[in-house]
């Protein structure tokens with residue numbers, strides 16, 4: 001008989017914002033974008049101060065760097081809070097049931113069975129699990145919703161058997177002490193060094 005793991009919770013704004021920021025900093029190319037925009041700004045300022053160049057190129061470097069930086073800072077600090085406040089689904093109480101068949105999502109507006117094959121990655125920290133599907137699409141499972149350590153361990157085992165067995169699925173940025181190290185499998189063809 002399969003075990004069904006039932007969770008009930010209601011998101012808090014801070015929890016959703018924190019989960020979104022954690023996702024953006026870990027999974028997306030946010031840090032790369034931050035470095036590139038900072039380098040553009042530094043290059044523009046450097047060319048003005050040290051090389052005494054006041055050209056259109058210098059202005060464009062600084063302008064593009066600042067705009068790029070602002071877009072990513074908005075994505076990190078403003079958009080998650082705005083999305084939480086504007087989407088009524090985040091005010092509902094969630095009732096989730098995890099089983100071998102999938103995840104049964106129930107709220108006052110949603111009643112759906114989600115197949116495990118939808119999810120491709122799992123990200124975890126000390127506060128929540130993030131089940132990732134698509135680009136910037138996440139299901140946040142707060143750890144506070146688990147009623148016991150045994151229930152969370154059963155959930156983790158279910159993730160291993162149902163989600164992490166798919167070829168494209170992977171667990172990101174986590175290492176469990178009891179997990180064996182994956183052995184290196186060399187590629188079938190040598191790299192192209194041209």
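Here 5, 141, 67 are placed in order of increasing Cβ neighbour count within 10 Å, fewest first, which gives 67, 5, 141. Footprinting exposure proxy ranking of 147, 20, 107, fewest other C-beta atoms within 10 angstrom first, gives 147, 107, 20. Calculated from the alpha-carbon coordinates, segment 54-135 shows an Rg and a Dmax of 19.6, 64 Å respectively.
Just so you know, the Rg over Rh for segment 15-86 is 1.15, from Cα atoms, with Rh as the Kirkwood radius.
Rule-based calculations on the coordinates, nothing more; no lab input. Nothing here was measured: the structure is a model prediction, and the numbers come from that model. Glycine gets a Cβ as well: all are built from the backbone with ideal geometry, and neighbour counts include every protein chain shown.
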